Structures are given as C-alpha cells and as structure tokens.
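Worksheet: one structure, shown below.
The values are calculated or read from the model by the stated rules, or taken from the named source; none is laboratory data. In this text, all values refer to a predicted model and were calculated from it rather than measured experimentally. Positions of Cβ are generated from backbone atoms using ideal geometry, with glycine treated the same way; all protein chains shown enter the neighbour counts.
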Amino acid sequence: MSAMKRGTRKGLHVDQSELLCKNGCGYYGNPSWQGYCSKCYRDIVQKSRQRQIESDHEYAKRLQQQYAAENRGSPGASGGSGSGRELSFSKFEEKKTHHTGSKTRTVKKLFKSKSSSTVKGSPSQDGKLTPQASPKEPVLSPESQKTVNEFIEGLRIVRSRAFAQELYKSAQHFIHRMQNSAYLPIEEQSEMVHDFYNSMSERLQKHPTAGGLTGEQQAQLLDGVEKHITTRLHQLLFCPSITDDEQRDLKLQDRIRSLSWVTPQMLDTGIKEDDTQVQGLTDQAIAAIIEVGSQRSPQEKLSCLVRCCQHIFELLRVSHDAPASADEFLPALIYITLRANPPLLHSNVQYITRFANPSRLMAGEAGYYFTNLCCAVAFLESLDAQALSLSQEEFDRYMSGEAVPPKPQQNDQADGYTCEGLILMQENIKGLKELNAKHDKLMDDAKQLQDEMKGFRDGVIKQIQDVLKRTPLDIKPRQPLQLAGTPDSPIQQDLLLSPSTVGYPLAAAAGVQAVTLDTENEDNLNLPPPLLPQVVSSQAAEGSAS
Amino acid sequence: MAGSRVDCKVVLLGKAYGGKTSLVERYLHDRFNAEMPYQNTIGAAFGAKRVEVDGKIVTLGIWDTAGSERYEAMSKIYYRGAKAAVVCYDLTDDGSFERAKFWVKELNDNEEACRVYLCGTKLDLVQENRKARRVDYHMTTDYADEIHAEVIETSSKTGFNVCELFEKVAEGFARDPANKQTVQICSSVPQYPSTSLSKDAENFQVTEQGRSRGGCCS
C-alpha cells in the first residue's frame, strides 16, 4: 500500500523497481507468487517439491531398512519367506546383469521399489503388521511419486482448475477402486481399466471447459492418465497371482531356452552375424527388449520395444544394405527374442494387452511392433520342425540336446558347437595368427635386406680393395697435380667432392676411378687433371684404413 | 512418438515378394528400389500418412506383414482390428492370386468390419510385355464383385495408381458411417464448410482420373 502511494507520488520508476521480482531477474513480481515473477516462483515451488520427493524417498528407505532389520531380528515365518524372495530376486538380477551390464541400475531400482512397496503393501494385506511402520498416508515408491507429479504437471494444460482437480480426483478414486477389486478375474479388471480410459476420453471431449483442448492435448492427457494409473497399479496388475501368468512365463522361458540352438539361418533372417557392427546392434536390441520388463507403464514398455525394433531395422539395413521389410523384420525379431529370452515375457505381453489403451495397440507404430512381438512369441511357442525346414527327427534330436545343428555352410571356419564368444575368440586367434605370419615374413624380409646390404657393402669394399691392389696408390704425382689442377678444373673437383659426402665406399670407388683416369691421362697427355685424385686419395686412404 | 495416433489401420497382405514392401516404399517415400539412397529410412514395415478426405484428416497406419507361409498362422494377430486390408497379388504370378483369395477368405471369416482392396502389383511388367500377364483383369473384377471388394492395378516402379489406392482406402474409411466418430475426434483441423466442399470436389476429380486411367491400361 505504502509502495503504491509512494509510487503515485514520486513517479513511475520507483514503483516499478519495487514491483520487480524478488529474485532480481528483471520481470515483474506478483504478491500472489510471493513477490516473485511467475518463472522464479515456479522454480522455487518445484525445488521444494523435489525436496519433498527426496524426503519421501528417504522415509521409504528408512522404513524398508527397519522392516529388513525386524525380519532379521525375528527369524519367523515371514522372515524366512522374505529371505527366500530376496534369493530369487538376486537370481533374476544375476540373469539380467549377465545379459546387460549397463542395465543393472534400472533393474536394481525396480526391485528396490518393489520391495519398498511390499513394505507398504504387506501391512494392509496380511494383517500382521508393524504398527509404527504404517504411516498416515500410504508411502509411494519414488517411481509412483514421480508419475503423480508428472500427472499433475500434465494436467496443467487444462485451463479450468476445477476440471483438472476433478480429473485428478477421479483417477485417484479409480486407483482405490482397483486396489479394492484385486480379487476379480483379470479380464474384468482389464475391462474396468479400459472403461475408465473411455470415460476419461469422453469426458475430455464433452466437458464444456475442455473445449479449448486440441486433439493432441487430449491425447496427451489420456496418455498421462494411462501412465499414472498403470504405474500406481503396476504392483497389482502385473503378473497377478490370480492368473497362471507366472507358470506361463517360466514355461515360455524354458521353451525359448530349449530352442537356443536355432540359428538365424534357419529363420531366414539374413543377419550377418560375423559383422561387428551387426553384433553391436544385436546387443543393443537385446538390451532394449530386456529393459521392457523393468518399466512400469505400458507406454514405457512399448517405447523400449520400439527402441529394440529400431535397432533391429538398423541391423537389417547393415546386413542387407537396403531397408528391411516385414518379410525380414519378423524373423529378425524372433531371433532377437530367442537370443534375449527376456524374463517375464509372457507377463509383459499380457500386461500390455490388458492395460494399455486399446487405440494405441490397434494402430500406432508401437502397436505394430507389439503385434510383431506377439507373433514372435506365438511362433516360438508353436515352433516345429516344418517351420525351420528340418526333418522331425533332426528337430527332436536338437531339442533333446542329443545333437547340435551344424554350422551353416557359409560360415565354415567355425564349427557349430561354439557360442558367440568362442567364435569371436577363434576369429581373433586366427587374426592374430595372420598378423604373426605377416610379422615373421616382415622380419625375414628385413633380415634378407640386411644381408643384401651387408653383401653389397662387402662387395664394394672388396672391389675397392681389388682395384687398390691392382693399382696401388702412388703419391708421386701429388705435388705437380695439385699445383696444376686447382686453377684449371673446378668442375671436376666438385664432382669428386660431392660423392665423398654420400658415403665412403662410393667416394672411394669414385676416387679410384678418378685415379685410374688420371693415370691414363697422365700416360697420354701431360694434363693437370691428375691433381684431383690426390684430394680424394687421401680420403680413400682414410677409408681403407678404417 | 511420431505417428502414435492413427485412425485407420491398414494391413497389407500378400505372398512374400509380391510387391507389398515396394508399394509402401512408393507411397510413403515416393521411391522405388535402388533409385534413392536408403539412409533416410530404417525400414518400411510400418508407416503413417495423413490423407485429407472431405476436408477431414485421416491418418492411415500402414502395416506391412510377413508374407511367408511360415508365418501364416500368425496373420490373424496382424489383421485384428484392421479397418482396411490391401491384399496384394503379383500380376505376373497366378499363384499369388490364389494366395490372395485365401487371405480374402480369412478376412471375411475373422474381421467383418475390414474393407478389402485387391491390389495387382507390377503393372509395369505387364505393360512392357502383354504375355507376362498371368492374372486376367476381368477375372479379378468378377471376383471382387463377388466379395464386395475393389480392384486396382498398380505399379510401384512408376508410381502409377499407388496414391489412388490409398486415397480410396482413406475415403472408404472416412465415408463409412461406422467410423464417423473416430474421424471427427481425431481431425484437429478446424472445419470450414466452404473449403471442405471444394476439397471434396477436388478429391473426387483425382479419384475419377485415377479410375479412368486404371481402366484404359488394363
């Protein structure tokens, strides 16, 4: 108030400076944003919310530790089962780390969240709870908390606040309803979820205040609803105990394991296994398909699958040098599934089928890949000798492990009994051998060269010595020649001097030649040239001496 | 995720190497086989394309399927929920038309809501050499009348009739009263009555042209 008054009295800029954001960012503040501008205020709120999440997380952790400590303290029935569960978890984890070293973190996170949610889940379910462990409100796992926040963020695009709250409340209400109807057959639960999606989408279309939303925004909101609900209910809906999903998971896993002898050639994939780039892409695709299991909402699972399929397309492109069609893609996906043998594959497929928004599965890109995955699973389940163009007898023998299929003809250097790593090792050993041979040859050549050089040198020296022997150096013409030569032939001097820089044998040879020339010259004409040999001859003498 | 919203699921069925993939390639990226560098796309198995019909936007999701007989048992999974099916046959291969009949039967048995379009491929080969034709045009039209389907002969190499085929599919979808709601929901473009009329007329022209062209060369 006083600021306002002062502002009106003193002029505009005092007023402005007082109305600016407290953070000093230059924008105007607003009392309803505690004196900050909208942006700074949002940052501050977000920070405090983040802090809240972190403290929640810590609280959940503490509870978990408490629970674990209690279990350890009293090794009762519950403690025993707890440790047993842990054992099986670690087994799973081992398997996953075996497949993907880099994915361990997400996997761990998943299991951590699972165990933390069992903390909050167990008190309500089996009654024998620890009273101090149950808080007033159910503690959400960090993932759930995160999606709740994301959902609330997503609701911001709804203009009417009341409507946003209504949406949030109905989602919340639906989650409670689902939590209380876990005993229903899974088909009914699936129907309930689908009905909820439909009613939500209808509401978005019909609600008067939602009219301003574009189709895109509506879709975005529906995605948010789907993600929120499925993440929160993942625990209940994924591989529920009322179905036989777990047995079927194990059965499928065993089945895929027993088919591990199937080669890409049998499936007509045309994957070039020996290409290192293809191998890298194969590993990436396998990692992505395994990651499907570590996500909570169908969307996230599907986006992992999409990533996997993109890697497959890429590796087919590398293998074929052309973009792949469905005729090549499906076999490749089957092969990747076979190689990856993702844990809980059946449960994941069922979960997505039951609880993803049907419109997504029916038409979109993710739906296409998911359909292909379903085909791959169906194919692997019903795989028989005919499908691999093998005789029934062969097929049975491979299945029972009695025999191992021979490696295809085009890959003749490695025998069929080896795994990928061994083949790679063999190839590397072969490469090393080749390098070794090359190296040996190089060394031999070098030695030969050395010998040749030595021989050449010896030869030259011998030649010189022979020449020297035949025409012993006489120093007699030295004085007259030297005196006469200098004024007369500088060119010849140059000629003789330059070889001397090259190396002594040559110089010596040149010198010797010069000497012989000189002697000839001397015989025929009394010319000054004989001088030159003298200059060199001293060097030659040195050379021979050394 | 691009193309995650799709109104109309279109499955391509047909014998392996019957020209399905080339058809998608031509329609989505307007190219044929090796004539363009491939770096831009990773695969042609799935594609989404927006088509305008009567002033409304229809997004077609085109699903290529594996044609090998090995995966025949799984084809049910593919065409579940499809609004339209393009059953391809190779004009130079009478066996492929027999396979097409098989798929038509499957579709009629399992997916009643699915509209069927018979698509003869590799028309360019037949035009080059009339003797190469193994599938008679009148025979296919008679068959199509029998199963209430439409026939269109295309060439992915020249691009002839390819767009027309998918326009037909989109029109068939958009004008089907059963799909009225879906189309309206998903069209994010505001509708102006005056322009929608003119676009309607335009569209008609295109298809009429396509049809007449299709007739003359067969």
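Starting from region A:176-199, keep only residues that are not assigned by the TED database to the domain that holds A:PRO358 and assigned to a loop (DSSP other than H, G, I, E, B), then list their pairs with residues that are surrounded by 12 or more Cβ atoms within 10 Å (Cβ to Cβ) and of a type in the set (A, V, I, L, M) whose Cβ atoms are within a distance under 8 Å, requiring at least 6 positions of separation or different chains.
A:SER181/A:MET192; A:ALA182/A:LEU236; A:LEU184/A:MET192
Considering every residue within region A:340-358, establish whether at least one is in contact (Cβ under 8 Å) with a residue 40 or more places away in the chain, assigned to a helix (DSSP H, G or I) and at the interface with chain B (Cβ under 7 Å from one of its Cβ atoms).
The answer is no, given that none of the residues of region A:340-358 is in contact (Cβ under 8 Å) with a residue 40 or more places away in the chain, assigned to a helix (DSSP H, G or I) and at the interface with chain B (Cβ under 7 Å from one of its Cβ atoms).
Inspect all residues belonging to region B:9-29 and state whether any of them is at the interface with another protein chain (Cβ under 7 Å from one of its Cβ atoms), under 29 Å from A:VAL318 (Cα atoms), at pLDDT 80 or above and part of a loop (DSSP other than H, G, I, E, B).
There is at least one residue in region B:9-29 that is at the interface with another protein chain (Cβ under 7 Å from one of its Cβ atoms), under 29 Å from A:VAL318 (Cα atoms), at pLDDT 80 or above and part of a loop (DSSP other than H, G, I, E, B).
With respect to A:LEU250, determine if the residue is under 18 Å from A:SER144 (Cβ atoms), out of contact with any Asp or Glu (no Cβ under 7 Å at 6 or more places or on another chain), more than 14 Å from every other protein chain (Cβ to nearest Cβ) and among the hydrophobic types (A, V, I, L, M, F, W, C).
Considered against the rule, which asks whether it is under 18 Å from A:SER144 (Cβ atoms), out of contact with any Asp or Glu (no Cβ under 7 Å at 6 or more places or on another chain), more than 14 Å from every other protein chain (Cβ to nearest Cβ) and among the hydrophobic types (A, V, I, L, M, F, W, C), A:LEU250 comes out as no.
Hey, among the residues in region A:368-386 that are buried (at least 20 other Cβ atoms within 10 Å of the Cβ) and without any contact (Cβ under 8 Å) to a residue 40 or more places away in the chain, which one's nearest to the other protein chains (Cβ to nearest Cβ)?
A:TYR368
Hey, among the residues in region A:310-331 that are at the interface with chain B (Cβ under 7 Å from one of its Cβ atoms) and modelled with pLDDT under 85, which one's nearest to B:ARG70 (Cα to Cα)?
Residue satisfying both the conditions and the ranking: A:ASP327.
Evaluate the following for A:LEU221: is it within 14 Å of another protein chain (Cβ to nearest Cβ), part of a helix (DSSP H, G or I) and in contact (Cβ under 8 Å) with a residue 60 or more places away in the chain? Break it down into steps so the answer makes sense when it comes.
On the way: within 14 Å of another protein chain (Cβ to nearest Cβ): yes; part of a helix (DSSP H, G or I): yes; in contact (Cβ under 8 Å) with a residue 60 or more places away in the chain: yes.
So A:LEU221 fits the description; yes.
Quick check, is B:ARG99 within 18 Å of the chain's Cα centre (by Cα), under 26 Å from B:PRO177 (Cα atoms) and buried (at least 21 other Cβ atoms within 10 Å of the Cβ)? Show your work before the answer.
Details: within 18 Å of the chain's Cα centre (by Cα): yes; under 26 Å from B:PRO177 (Cα atoms): no; buried (at least 21 other Cβ atoms within 10 Å of the Cβ): yes.
In short, no.
Taking the stated definitions as given, is A:ASP327 farther than 21 Å from B:SER75 by Cβ and among the charged types (D, E, K, R)? Please lay out each step first, then the result.
Details: farther than 21 Å from B:SER75 by Cβ: no; among the charged types (D, E, K, R): yes.
For A:ASP327, the condition - farther than 21 Å from B:SER75 by Cβ and among the charged types (D, E, K, R) - is not met.
Identify all residues within region B:47-101 that are within 8 Å of another protein chain (Cβ to nearest Cβ), touching a residue at least 24 places away in the same chain (Cβ under 8 Å) and not in a loop (DSSP other than H, G, I, E, B); write none if there are none.
B:ALA48, B:GLY61, B:TRP63, B:ASP64, B:TYR78
Residues of region A:223-250 being of a type in the set (A, V, I, L, M) and surrounded by 18 or more Cβ atoms within 10 Å (Cβ to Cβ), which ones? Don't jump to the end; show me each part of the working.
Of all residues in region A:223-250, those of a type in the set (A, V, I, L, M) come to A:225, A:229, A:233, A:236-237, A:242, A:250.
A:VAL225, A:ILE229, A:LEU233, A:LEU237 - these are the residues of region A:223-250 that are of a type in the set (A, V, I, L, M) and surrounded by 18 or more Cβ atoms within 10 Å (Cβ to Cβ).
Per-residue answers, yes or no, for (1) loosely packed, with under 11 Cβ neighbours inside 10 Å; (2) touching a helix residue (DSSP H, G or I) at 6+ places or on another chain (Cβ under 6 Å); (3) assigned to a helix (DSSP H, G or I); (4) at pLDDT below 75:
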residue	(1), (2), (3), (4)
A:GLU18	no, yes, yes, yes
A:LYS22	no, no, no, yes
A:GLY26	yes, no, no, yes
A:SER32	yes, no, yes, yes
A:CYS40	no, no, yes, no
A:SER48	yes, no, yes, no
A:ARG51	yes, no, yes, no
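I'd like the residue in region A:157-166 that is touching a helix residue (DSSP H, G or I) at 6+ places or on another chain (Cβ under 6 Å) and part of a helix (DSSP H, G or I) and, out of all such residues, is surrounded by the most Cβ atoms within 10 Å (Cβ to Cβ).
A:ALA164
Residue under question is A:THR231, and the condition is that it be of a type in the set (Ser, Thr, Tyr), farther than 20 Å from A:HIS346 by Cβ and part of a helix (DSSP H, G or I); does it hold? Reasoning before the result, please.
On the way: of a type in the set (Ser, Thr, Tyr): yes; farther than 20 Å from A:HIS346 by Cβ: yes; part of a helix (DSSP H, G or I): yes.
The answer is yes for A:THR231.
Table: residues versus (1) within 14 Å of chain A (Cβ to nearest Cβ); (2) at pLDDT 90 or above; (3) over 22 Å from B:VAL24 (Cα atoms); (4) in a strand (DSSP E or B).
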site	(1), (2), (3), (4)
B:ALA113	yes, no, yes, no
B:GLY120	no, yes, no, yes
B:CYS163	no, yes, no, no
B:LYS168	no, yes, no, no
B:ALA178	no, no, yes, no
B:PRO190	yes, no, yes, no
B:THR195	no, no, yes, no
B:ALA201	no, no, yes, no
B:GLN205	no, no, yes, no
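For residues that are touching an Asp or Glu at 6+ places or on another chain (Cβ under 7 Å) and in a helix (DSSP H, G or I), scanning just region A:321-339, find the one that is nearest to B:THR21 (Cα to Cα).
First pass over region A:321-339, keeping only residues touching an Asp or Glu at 6+ places or on another chain (Cβ under 7 Å): A:325-326, A:331.
If we keep only those that are in a helix (DSSP H, G or I) as well, we get A:326, A:331.
Values: A:ALA326: 8, A:PRO331: 16 Å.
This residue is A:ALA326.
Quick one: is B:GLU111 surrounded by fewer than 14 Cβ atoms within 10 Å (Cβ to Cβ) and not hydrophobic (A, V, I, L, M, F, W, C)? Let's see the steps before the verdict.
On the way: surrounded by fewer than 14 Cβ atoms within 10 Å (Cβ to Cβ): no; not hydrophobic (A, V, I, L, M, F, W, C): yes.
No.
Kindly indicate which of A:LEU302, A:LEU267 is within 11 Å of chain B (Cβ to nearest Cβ), in a loop (DSSP other than H, G, I, E, B) and crowded, with 18+ Cβ neighbours inside 10 Å.
Values: A:LEU302 fails: in a loop (DSSP other than H, G, I, E, B).
Selected residue: A:LEU267, the only one of A:LEU302, A:LEU267 that is within 11 Å of chain B (Cβ to nearest Cβ), in a loop (DSSP other than H, G, I, E, B) and crowded, with 18+ Cβ neighbours inside 10 Å.
State all residues of region A:224-247 that are within 14 Å of chain B (Cβ to nearest Cβ) and among the basic types (Lys, Arg); if no residue qualifies, say none.
Listed by number, the list holds a single entry, A:LYS227.
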